[in-house]
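Notes for the one structure printed next.
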Amino acid sequence: MSPFLLRLLKHQVTLKFECYRLIQATPENEDPVALLQAAAREHIPLDPSNKASLAALSTSQHAPKPIPDPEHRPSIEAVIEELRGKDWYMGQILYERTAEAKEARIATLEPHLSDSVAQALRASRNISTFYTHQVAAIQALDEGNNVIVSTSTASGKSIIYQVPLLKFLEEDPQSTAIFIYPTKALAQDQKRALEKLLSSCPGLERITVATYDGDTPQEERKDIRENASVIFTNFDMIHFAILPYEDMWRRFVMRTYRIAFV
């Protein structure tokens, strides 16, 4: 049995044990499943644009907290002050510093993007200019270099691999790419962002983007291998489900333009 299957078996055994403990600790007149679902609902925020979910708040006994719209969200300072006012707060915040705002450094990408890629960036991400680190990295990739990018959160790192991918797909729609993420949530978020970008790019609307991880149904995996242009996966799947089966992935790997570790 492979290490991957051993970890999966261990996880399943642990899950069954935790479920057994939950059932044993539940009073006879209570339903453990109902209790668990009610506890979960209290911590799942609602999408404010979903009117049906918001309407259900008034009738739900365990109403989840709706997500405030951007205009009504509290500031970071207000959130910190609220935490400090809690009964359980005992000085857990050890250090606090406010960094002064810095002026963005913009650069020009040479050669310029095609009209379709530029339009997609404006339509899906409202991007019309690039930061200096984005330009430097994209141009290095265009020259065939390997690139490592280490910048702060929300600094536009995704654009660094998305723009070259779109350029390459324009040149050769049969190209493929693999993006490797450590967590499923991050991979799904980036997958949605790339799909939105592709759908806004004339000529690339039909490019197939897929997730290939442990939760991918077996009946869908062959279709992904044979038809997907971009896959989002993780390190375990690379080692245990892709590299050992090179013959099944030959079509995809032979056309791979870029492998990105994120």
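The values are calculated or read from the model by the stated rules, or taken from the named source; none is laboratory data. Note that the coordinates shown come from a computational prediction; the quantities given were computed from them, not determined experimentally. Keep in mind that these areas ignore ligands, DNA and RNA; they rest on the heavy atoms of the full protein, side chains included. Shrake-Rupley method; radii C 1.70, N 1.55, O 1.52, S 1.80 Å.
Could you provide, to the nearest whole Å², the per residue accessible area of the stretch 106-261 with probe 1.4 Å? Walk me through the numbers before you get to the answer.
Numbers: 8560 Å² over 156 residues.
With all protein chains present, the stretch 106-261 gives 55 Å² per residue.
Top to bottom by accessible area (1.4 Å), largest first, where do 248, 254 land? Walk me through the numbers on the way to the answer.
Working: 248 85, 254 150 Å².
Sorted by accessible area, descending: 254, 248.
Rolling a 1.4 Å probe over the protein chains gives residue 223 an accessible area of about 90 Å².
Within a straight-line Cα-Cα reach of under 17 Å, residue 222 can be paired with the following aspartates and glutamates, leaving aside sequence neighbours fewer than 8 residues apart in one chain: 213, 246, 247. For the residues 95, 131, 20, 212, a 1.4 Å probe over the protein chains yields an accessible-area ranking, largest first, of 95, 20, 131, 212. Nonpolar atom fraction for the stretch 106-261, defined as the carbon and sulfur part of the 1.4 Å probe accessible area, stands at 50 percent. To the nearest 10, the accessible area of residue 192 is 140 Å² with a 1.4 Å probe.
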